[in-house]
Amino acid sequence: MDALSLIPAVEVPDILLPTYRLFVPPVLHSTSLPPIHPTSHIYGYYKAQELDVYMPPSGTEPAGGGDLPPICIFVYGGGYTSGARQMNLPPQVLQHLKATNADIGPDDRALEGLYHRNIGAFIASRGFVAVIPGYRLVSMEEREAKAYERGKEEALFPSGGEDILLALRWAVRNLDDVADVEEIYAVGHSAGANHLCTMLLSPGLLRADDDLARRVKKVVCLSGTYDYVDGRPERKVAWSRYFGSFEAVDRNCPLGLVRSPIARSSKSLPQMLCLHCPRDPPEVVEPQARFWDAWTKRGGGGEMKQVSGKAHNHMSPVLGVGCGDEEVEAWLVDALEWCVEESEVESLRACVRRLGSFQKDGGVPPMALN
């Protein structure tokens, strides 16, 4: 973590190379990540709609103390235009690592899919069945306008939320023999956090599926860009393509959705842990405060706070998982522990359910024996 504090910048283009340079070697040679090999599955029609499943190592206690491990879905970021469930290093990053004699070994194949396999393996090692879905991306190539119509491979709002919803439905249908499909948690980073919010708040998605909605207990949103007032000009092209127009951005970004009169009622919203990093760019920190204010006014519960680790920038929480530095990884440990913590209300409801089951079976309530 001390070395991370030596990277002075906060904007993503400026932190990209030094942050990769810091974390790729220790993650590549990690002794703390279990050697988990994911299985890949198709969950939808489009090429991007594939997901990876990471099972906990043999002998791992299920998180939360149940009979089966709960599901934790991780939604990676990438500014709507990049990212993959098993992501190779960007060419400029690989070139930089070689030019600076980073300890990455002679075989580039060892680096293939390093990210986000590190996240899947780490989450699984904590007693969850980890699911990492791919999703449709915005193409920045010059295309005819019709290439961005609904039904095409390119992302167009609310495709991110649609893809995550489909992945969750696949998990419930196909993992019930190895996971507790009644207990689902989700973690999203950057654009991935935005897609989670779309799934939660957009009409016709999770709010229209009561059975699935009751299974999604808590969500963790890390460094999302919940509105686009403070965004860099070069980012706005991607946003306008994803949302359909500049005018649609304000209406359909997470802040616009949560402020909408037809947003989901607070009774059906899961708890949210809304996180930011101490050195996130302004386009993250200030919009998050606006989003959280609107979320709580809507009646949404949870907590907004800064991640553990005093030097984290926008990319380091994900790139550093598996590096072996407990301070770097603490944010994810804390988030996963928060997911399976029972609130006082949840604990009381669980007691009532157990008491009802006991009485239904003809038993005598324990307090009656005193």
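What number of residues in region 36-57 are farther than 20 Å from VAL172 by Cβ and without any contact (Cβ under 8 Å) to a residue 24 or more places away in the chain? Number of matching residues: 1. Residues in region 166-189 that are open to solvent by less than 10 Å² (accessible area, probe 1.4 Å) and within 16 Å of the chain's Cα centre (by Cα) were compared, and the one that is nearest to ARG214 (Cα to Cα) is ILE184. Looking across TYR45, TYR115, one residue alone is among the aromatic types (Phe, Trp, Tyr) and at pLDDT below 95. It is TYR45. The test for being touching a residue at least 24 places away in the same chain (Cβ under 8 Å), over 20 Å from the mean Cα position of the chain (by Cα), farther than 16 Å from ASN88 by Cα and open to solvent by 40 Å² or more (accessible area, probe 1.4 Å) holds for SER32. Filtering region 245-261 for residues that are closer than 21 Å to ILE132 by Cα and surrounded by 15 or more Cβ atoms within 10 Å (Cβ to Cβ) leaves an empty set.
Among the residues of this structure, GLN92 counts as one that is open to solvent by 60 Å² or more (accessible area, probe 1.4 Å) and either of a type outside the set (Phe, Trp, Tyr) or touching a strand residue (DSSP E or B) at 6+ places or on another chain (Cβ under 9 Å) (or both).
Check region 267-279 and report whether any residue there is free of Cβ contacts under 8 Å to residues at least 12 places away in the same chain, open to solvent by 10 Å² or more (accessible area, probe 1.4 Å) and either under 22 Å from ALA3 (Cα atoms) or not in a helix (DSSP H, G or I) (or both). Within region 267-279 (the criterion being free of Cβ contacts under 8 Å to residues at least 12 places away in the same chain, open to solvent by 10 Å² or more (accessible area, probe 1.4 Å) and either under 22 Å from ALA3 (Cα atoms) or not in a helix (DSSP H, G or I) (or both)), the answer is no, since none of the residues qualifies.
For region 65-175, the helices (runs of 4 or more DSSP H) that sit wholly inside it and include 1 or more residues that are within 25 Å of THR39 (Cα to Cα) and of a type in the set (Ser, Thr, Tyr) are 114-125, 159-174. Taking each residue of region 308-333 that is open to solvent by 10 Å² or more (accessible area, probe 1.4 Å) and in a loop (DSSP other than H, G, I, E, B) and looking for partners that are at pLDDT 95 or above and among the polar types (S, T, N, Q) with beta-carbon atoms closer than 6 Å, six or more apart or interchain, yields HIS314/SER223; MET315/THR19.
Across region 61-116, which residue is nearest to ASP163 (Cα to Cα) among those that are among the β-branched types (Val, Ile, Thr) and touching a Phe, Trp or Tyr at 6+ places or on another chain (Cβ under 8 Å)? Going through the qualifying residues, I end up with VAL75.
Looking across region 180-204, just one residue is modelled with pLDDT of 95 or more and part of a loop (DSSP other than H, G, I, E, B), and that is SER190.
Condition check ((1) surrounded by fewer than 18 Cβ atoms within 10 Å (Cβ to Cβ); (2) in contact with a strand residue (DSSP E or B) (Cβ under 8 Å, 6 or more places away or on another chain); (3) closer than 30 Å to GLU154 by Cβ) across all residues:
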residue: ALA3; (1), (2), (3): yes, no, no
residue: PHE23; (1), (2), (3): no, no, no
residue: GLY65; (1), (2), (3): yes, no, no
residue: GLY77; (1), (2), (3): no, yes, yes
residue: TYR80; (1), (2), (3): no, no, yes
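The values are calculated or read from the model by the stated rules, or taken from the named source; none is laboratory data. Keep in mind the model is a prediction, meaning the values are calculated, not measured. Backbone-built Cβ (ideal geometry, glycine too); neighbour counts: all protein chains shown. Accessible surface areas use protein heavy atoms only, side chains included; no ligands, DNA or RNA. Shrake-Rupley method; radii C 1.70, N 1.55, O 1.52, S 1.80 Å.
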